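Trainee: Dropping the structure in here first, questions after.
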Amino acid sequence: MTGSTGRTATKASRSRAAGSAPDAMLWSVLAVALVTVLGLESVRVFVSDTVFVIDQSRRTLLLLVMAGAFASPVLVPIVGRLSGGRALVVAAVLLGLARVGLQFVPWPIARVVLAGLGLAAAGWLLVPLLRWRARAGLGLVLGAVLDLAIRTARDTLDLPWMPGLGSHLVTGFLVLALMVSLFLVVSDRGPQEPRGALGFLALGPAFGLLHLVVTNLGFASVHTGWSLVRASTVLFAGALLAVLLLPLVVRHWSGWVATVLAGGLGFWLAGGSGWSAALGVVLAGASWTVLVTTCGIGGRVLRRPAGSGRVALALAAGQLIQVALLFRYYTQTGDRIVVFGLLGILALLAALDWPRAWPAGTLALVPHVALGMALPFAGAIVWQALQSHERPPAALPRNELIVVTYNIQSGYDGRDRWNLEATARVIESAQADVVLLQEVSRGWLVTSSADQLVWLARRLGMHASWGPASEDGLWGNAVLTRSRPLETRTVRFGRTQNLRRGAVAVRLATPTGSLCVASTHLDDPRPATEVRLAQIEELLAFLEACRPLVLGGDFNADPESPEIAALRERGLIDAAATIGATASTSADQRRIDYVFVSEGIEILAGRVPTATASDHRPVLVRLVVR
């Protein structure tokens, strides 16, 4: 009788624990979500600023610095010993101070240090939170969607970029909410949920996919061709669908098979265009959510938990896998094979960790998590709906127009500070009708992760036309116009020595007929003359039917070079040189940015404005279409 009574009491206590799970565990879920948000923001600043502070050409040093920072979870046991067992408190304070510091510190090296500390502290927090609170792994998905909602509300910009009062207030709220939730987690004396280390190894590849596709607003916008709000909604739909279907999917191994098949199909379709890309984004996001939730919770609950050192080592190893594959991705300017490599690793680890039985009460948290995802995202959509974005006229109102060509270096100025607002002000001061842009990024982690074209178009009230050069379509050239384009065409050059290159051409209506304007960017290594000449041949063939023509860009060639001579021989006129605007345009005091025009276009004036918002200066010309 005594044994039976004891077993009954144990079952009753477990039942009470399971019944109170939504109340007892939601704080842990929220804590993980907030750590995820603040950690992702720190990662974006750290990766982007480090690339520009060290310089992308010093790739070995870059790889070593990145690997060292992302491997920081291995220090968890040391931090625990040095802090007298208060690693969670130390990490929380460090993450909060680092993230607040990023809102106010403008110096690039200091921002790299602060962001690196924030990245490390986020890892140190995830180890104890997920190691003993397995169900808190649902917070990884909640945090990803909260991060998506914040960037949707801010036209794809992250909070640490271009800080203002609103960004300061939201950051302060997130940090305060993290501290409160952690206090309640520490105060909770409920039963612990020991787990193994395998799921931690999967988090690195999971975050890699998150940056590349799963919550990449630029990727969704470029490949679907949809507006910011519609593209963001597609990303959100995948995560929400998976969370709602989670109780059904995890019941059997067949759920893992269906998830992996859907994910493979989704990531393949997502690289396409239109509705097929939208379907792919939904399937990819849904698959990612199921796999990450499985690995985050650690489906196979163990009798003996893995030690903190083993867990920290697994998390660090996963982060190093992420660094290695992302390094490959960006050095190859968008190698999409990396995406499937990350998916394959994540799927394999999820298979090894697929749940036999999740901790009691896990699925009871799903409705709360779904609601927590939906509310901030709905708020972001409402905020977007309240913003007024005036549409420009449908045609140029006059024959005379101002054209600017500008290599914006993805928003980084000559002192390695990222400030897209400064870029916008340079363009705004020119009062340009047509802006030909180079080095525009639309979601690359190494250049802020923002969709810079969407933000600039909204900020300046202009139409945007995109000319992808990279394999994934997220880096290249663009054209901003006051009038609505009649036609847009793009080309990727077949030869390159460094990054992929290309051009975009737009046809506009004017009172006297149509006008073709084009933006291009040729290869940059100085000895690559033959490559640039080959690119010019491709460019001229692409623009053969575009007349009258205004062609601008960064040609990476001096005025006396064979490249510029080849353009002149084809009847194109160096507009700025015609009126004496021959000042240097690059940081190394070379004149390599040009505006060329064909016959039938009169050059009235021009100048090279003094501007420090990029490592290039813009070239401005005033033209008349005859």
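Trainee: Among 349, 550, 80, flag the residue with its Cα farthest along the positive direction of the charge dipole of the chain, charges on Cβ as +1 for Lys/Arg and -1 for Asp/Glu.
Mentor: Value computed over the given set: 80.
Trainee: In nm, to one decimal, how far is the modelled label at residue 107 from the one at residue 229, with both set 7 Å along Cα→Cβ?
Mentor: Result: 4.3 nm between the two label points.
Trainee: Further, regarding this structure: So which cysteines of the chain have no other cysteine's Cβ under 4.7 Å from theirs?
Mentor: Lacking a cysteine Cβ partner under 4.7 Å: 295.
Trainee: Oh, and also: Could you give the length gained by full extension between residue 331 and residue 497, i.e. 0.36 nm per residue of separation minus their alpha carbon distance, to one decimal place?
Mentor: Working it through step by step, the gained length comes to 58.6 nm.
Trainee: Could you list the trypsin sites (Lys or Arg not before Pro) in the range 147-213 that lie in coil according to DSSP, counting only those with at most 16 other Cβ atoms within 10 Å of their Cβ?
Mentor: 189
Trainee: Working from Cα positions, state the angle (0 to 90°, nearest 10) between the long axis of helix 87-104 and the longest principal axis of the chain.
Mentor: Rounded to the nearest ten degrees, it is 20.
Trainee: Sticking with this structure for a sec: If you line up the long axis of helix 529-542 against the longest principal axis of the chain, both from Cα atoms, how many degrees apart are they, to the nearest 10?
Mentor: Helix 529-542 sits roughly 80 degrees off the main axis of the chain.
Trainee: Given a Förster distance of 41 angstrom, what is the FRET efficiency for residue 169 paired with residue 569, based on the Cβ-Cβ distance and rounded to 0.05?
Mentor: That pair, residue 169 with residue 569, gives E of 0.10.
Trainee: Let's test this: bin the Cα-Cα distances of the range 22-386 at 10 Å from zero up to the farthest pair and state each bin's percent.
Mentor: So the P(r) values, bin by bin, are 5, 26, 37, 25, 6, 0.
Trainee: Additional query: I need the shape label for the chain. Rule: rounded when a/c is under 1.5, else prolate if a/b > b/c, else oblate, with a, b, c from the alpha carbon gyration tensor.
Mentor: Prolate.
Trainee: How large is the translational diffusion coefficient of the range 400-625 in µm² per second when you combine the Kirkwood radius over alpha carbon pairs with Stokes-Einstein at 20 °C and 1.002 mPa s?
Mentor: The calculation lands on 126 µm²/s.
Trainee: Taking the Cα centre of the chain as origin and charging only Cβ (+1 Lys, Arg; -1 Asp, Glu), how large is the dipole, in debye to the nearest 20?
Mentor: 2500 debye
Trainee: Let me ask you something else. Can you work out the FRET efficiency for the pair residue 544 and residue 97, with r the C-beta to C-beta distance and R0 = 56 Å, to the nearest 0.05?
Mentor: Working from the Cβ atoms, E equals 0.45.
Trainee: Mind putting a number on the dipole of the range 400-625 about its Cα centre? Charges go on the C-beta only, +1 for Lys and Arg and -1 for Asp and Glu, and I need it in Debye to the nearest 20. Each step should come with its number before you reach the end.
Mentor: Values: 24 positive and 28 negative charges, 101 e Å.
Dipole about the Cα centre, nearest 20: 480 debye.
Trainee: Quick one: Debye curve from the alpha-carbon atoms of the range 152-211 only, equal weights, vacuum; give me log10 I(q)/I(0) at q = 0.13, 0.16, 0.27 Å⁻¹ to two decimals.
Mentor: Debye curve over Cα of the range 152-211, log10 I(q)/I(0) at q = 0.13, 0.16, 0.27 Å⁻¹: -0.66, -0.88, -1.01.
Trainee: Also, quick follow-up: How far apart, in nm, are two points set 7 Å out from the Cα along the Cα-to-Cβ line at residue 488 and at residue 537?
Mentor: About 3.0 nm separates the two model spin labels.
Trainee: To continue, here is another question. What is the order of 49, 147, fewest Cβ neighbours within 10 Å to most?
Mentor: Exposure proxy ranking, most exposed first: 147, 49.
Trainee: Compute the FRET efficiency between residue 78 and residue 512 as 1/(1 + (r/R0)^6), taking r as their Cβ-Cβ distance and R0 = 60 Å, and round to the nearest 0.05.
Mentor: 0.25
We did not get these values from a lab; they are worked out from the coordinates using the rules stated. Since the structure is predicted, the reported quantities are computational estimates derived from the model, not experimental observations. Neighbour counts run over all protein chains shown; Cβ positions are idealised from the backbone, glycine included.
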